[in-house]
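Accompanying notes for the structure given below.
The values are calculated or read from the model by the stated rules, or taken from the named source; none is laboratory data. Not measured: the values here are computed from a predicted model. With ideal geometry, Cβ positions are generated from the backbone for all residues, glycine too; neighbour counts draw on all protein chains shown. Calculation scope for accessible area: heavy atoms of the full protein, side chains included, ligands and nucleic acids excluded. Shrake-Rupley method; radii C 1.70, N 1.55, O 1.52, S 1.80 Å.
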Amino acid sequence: MRFISLAAFSLAALTAASPVAVFNKPIDVASPPPPSIHKIQGQGQGRHFGPAVALEENGSDDHKKRPPRVNVTTWFESYHRSDEIRQYFLQLAEDYHDLVTFVPHLARTHEGREVYAVKISAKGRGSRDKPQVWIQALQHAREWATATTAQYLAHHFTSKYGKSSNVTNILNSAEIIIIPNMNPDGYEFSWDVDRIWRKNRRNNGNGIYGVDLNRNWPDHWGNGGSSTDPDAENYGGPYANSEPEVRGLINFFKAQRRVLGTVDLHTHGQLILRPQGYTNVSSPHETEMKHVGDTMAQVIKGVHGMDYTSVRLNEISPLLTSGSTVDWFYGDQATRANGGQRPYSFAFELRPSPEGSEGGKIGFILPIEEVIPLGEEIAAAMEYFVDYVVKNPLKEK
Ligand SMILES: [Zn+2]
């Protein structure tokens, strides 16, 4: 049996039913929830999650050797496990071989899972010289809507190439790198055991597990806003860059040519965060990055009317946040590895708003009908972002 390709796949327009956001208190980056929250098991699964997508065999002679094809027509109607998400991207690379390259084995996690990436660009059009933009998702296990957004972005840019002049120009002039699942151990644990698990699955001993990957990056590591307690939600790890997921991505970043912008996807709170996190001092590129963050908020509002707040990371957290991606990608280590080019660095807190989360616990459980509207508004922001940073790379000061 054959299935329609993603190119022929027209997403049903689903209506967003999100509450209007009012900036109040971020949930993720600045304020790890109290320890009691991570004891809640499987909350909300019955209501919001459909069954795993039906995987169907492709009917060819080699179907016993190859994984079954993903049914893309129903893909965004449910959340998916790590294996299915990987298969989705493998299939995308097959269906859009002129646009998508699957990059395997960036890291091997504590439990032996693979961290991988896809690169999306019009191949054969000076691909080897194109500037790059980096988008990563699922650093925190429970933030499932970051993974769906990464999947949606890949769908958006591939299916619109040759149809949308914006997307066509972007893929002709740039390469988009997407790391859709950088914490597969934690993600699987959030399916099987604890829906709001945040960290990876390092064995810290004494029955205690996990490092907060977004406190483990080697830029001002341990300078505040992270914990030395292995049981804490924001445990920064035994030392900077100790975790295979972070190490693998840093090595992959260092192997790239010229990354002009980076985006780290999180939920929730509807925030667009820029450096710096480890100090209250604004970055030397505050004006430039504020302009881009503010404009992305406007672009998002124009899609479904959602209010995202553009702020510095240090504005939302009196305790600061160190060892996070926002600072690492903007920081000196990444800049040196990037041929002296400092990337624009952002972290997004996606839907819902703090007010839409009923106190924070269910904010990590985005109703499935909001997945496509969320993808649409972030895709619009990313179209602007890639185009802008390619034309206006940060200049060193
Ligand atoms: Zn997060």
Practice task
Calculate one ³J(HN,Hα) per residue across the stretch 305-312 by plugging θ = phi - 60° into the Karplus curve 6.51 cos²θ - 1.76 cosθ + 1.60, and present them in order as whole Hz with x for glycine and proline.
Solution key: x, 7, 9, 10, 9, 9, 9, 6
Problem - Principal axis dimensions, the stretch 115-180 - Cα atoms, whole angstrom, descending - result: 38, 24, 13
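Would you mind checking the pairs Lys199/Lys290; Lys130/Lys160; Lys123/Lys290 and listing those with alpha carbons more than 24 angstrom apart?
Violating the 24 Å Cα-Cα cut-off are Lys199/Lys290; Lys123/Lys290.
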Problem - the stretch 142-275 - accessible surface per residue (Å², probe 1.4 Å) - result: 26 Å²
Practice task
Roll a 1.4 angstrom probe over the protein heavy atoms and tell me the percent of accessible area of the stretch 218-310 that is carbon or sulfur.
Solution key: 49 percent
Fill in the blank from the handout: If each K or R counts +1 and each D or E counts -1, the residues other than Glu77 whose Cβ falls under 14 Å of its Cβ total -3
Exercise for the section: Tell me, rounded to the nearest percent, the portion of alpha carbon pairs in the stretch 283-375 spaced more than 20 Å apart. Expected result: 49 percent
Exercise for the section: Place the peptides 180-190, 365-375 in order of packing, highest mean first, counting for every residue the other Cβ atoms within 10 Å and averaging per peptide. Expected result: 180-190, 365-375
Completion exercise
Phi-derived 3J(HN,Hα) across the stretch 149-165 with the Karplus relation (6.51, -1.76, 1.60, θ = phi - 60°), rounded Hz, x for Gly and Pro, is 5, 4, 5, 5, 4, 4, 4, 4, 6, 6, 6, 9, 5, x, 10, 9, 5
Handout entry: Solvent-accessible ranking of Arg351, Arg128, largest area first, probe 1.4 Å
Key = Arg128, Arg351
Practice task
Pop the C-beta distance of Glu396 and Arg66 into the FRET formula with R0 = 41 Å and round what comes out to the nearest 0.05.
Solution key: 0.30
Practice task
Could you pull out every residue, at least 5 positions away or on a different chain, whose amide H is within less than 5 Å of the one on Ser310? Hs are placed 1.01 Å off N in the peptide plane, and Pro or chain starts have none.
Solution key: Ile272
